[in-house]
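The values are calculated or read from the model by the stated rules, or taken from the named source; none is laboratory data. Here the structure is a predicted model, which means the values were calculated and not measured. All Cβ positions, glycine included, derive from the backbone under ideal geometry; neighbour counts span all protein chains shown. Ligands, DNA and RNA are stripped out before the accessible areas are found, and what is left, the full protein with its side chains, is counted by its heavy atoms. Shrake-Rupley method; radii C 1.70, N 1.55, O 1.52, S 1.80 Å.
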Amino acid sequence: MATSPSRRRTVPRHIPQPRDESSVERLYLHLRDRAMRYEFRPGTRINEQALGREFGVSRAPLREALNRLVAEGLLDFVMNKGFFRKNISVDEVFDLYQVRIALERRAILLALQRATDAEIETVRQYWTEVMSRSAEMSSDDFLLADEEFHRRMIALARNKELNAFMEVVTRRIHIARHIDIQQSAWNTKAFDAHFEILQLMQDRKTDAALECITEHIDMSMKRAVEITKEMVAKFFLVNSAMPETSPTPPQGY
């Protein structure tokens, strides 16, 4: 006998909840900042449970944020073991700077084809304003301003994919550049090169502009490689000094 419509049981449907993109993005940015500053010690496993408790998030959004950091090269993922802060590598820093040189040279070539003098002048005005208050700026702020200068210069190429690749490279060499700005005395010479590059671009002197940007980044690369060697030695000494019988240090902090 057929069941009457009135007696049919209603099966509740599962309605998927919309994912909060903004919360995942905030989590990703916070974890990225920690990774860039090596608050996660190189080679150590990320404590997902501790991070979940700290931020009050479930495993799914946390893993999504961590996987983005894996894609950017800041973390490694090992099957059945979890996420690890990537070890410091001198060769990797050298390779990243080689990529940076290639990308910025290409950006300048495209910018000379696509950017107007007025657009180049806007970048010059930005850097002039930065230098006018440089004496009052912290090293953190100065590094961010320098990264923004290169970001604006690359934007003149009007190539979104090139911009995206440069963002990844910039984040992965951030800590070495941060230490460099704190320690070195070559900043004035390096930052004066920004004005020279822009002038050569406005004069449409392609070969000279390419040579200038190459020398500018190459100088930074040499310092970054030396700093990375010092960082490798530092973390090696710290790890070697830890007694084998001591409790495992908190992972992920």
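What is the calculated FRET efficiency for GLU136 to ALA50, with r their C-beta to C-beta distance and R₀ = 35 Å, to the nearest 0.05?
On the way: r = 38 Å, r/R0 = 1.09.
For R0 = 35 Å, the calculated efficiency reads 0.40.
Treating cross-link reach as a plain straight distance, find the lysines whose alpha-carbon is under 27 Å from the alpha-carbon of LYS205, omitting any fewer than eight places away in the same chain.
By straight Cα distance, LYS205 reaches LYS160, LYS189, LYS222.
Using each residue's phi in region 60-71, evaluate 6.51 cos²θ - 1.76 cosθ + 1.60 at θ = phi - 60° and report the 3J(HN,Hα) Karplus result to the nearest Hz, with x for Gly and Pro.
Calculated HN-Hα couplings, in order: 4, x, 5, 5, 4, 5, 5, 5, 5, 6, 5, 4 Hz.
Between ASP218 and VAL168, what FRET efficiency follows from the Cβ-Cβ distance if R0 is 30 Å, with the result rounded to 0.05?
On the way: r = 20 Å, r/R0 = 0.67.
Calculated value: 0.90.
How far, in nm, would the chain grow between PHE94 and LEU110 when pulled straight, counting 0.36 nm per residue and subtracting the alpha carbon separation?
Values: separation 16, 0.36 × 16 = 5.76 nm, distance 2.47 nm.
Residue separation times 0.36 nm, minus the Cα-Cα distance, leaves 3.3 nm.
From the P(r) of region 67-226, could you give the percentage of C-alpha pairs in the tail past 30 Å? Intermediate results must be reported in sequence, preceding the final value.
Numbers: 2250 of 12720 pairs.
Beyond 30 Å sits 18 percent of the P(r) for region 67-226.
Straight-line reach from LYS81: which aspartates and glutamates have a Cα under 19 Å away, not including same-chain ones fewer than 8 places off?
Cα-Cα hits under 19 Å: GLU48, GLU64.
Determine how large the accessible area of MET219 is when every protein chain is in place; take a 1.4 Å probe and give Å² rounded to the nearest 10.
50 Å²
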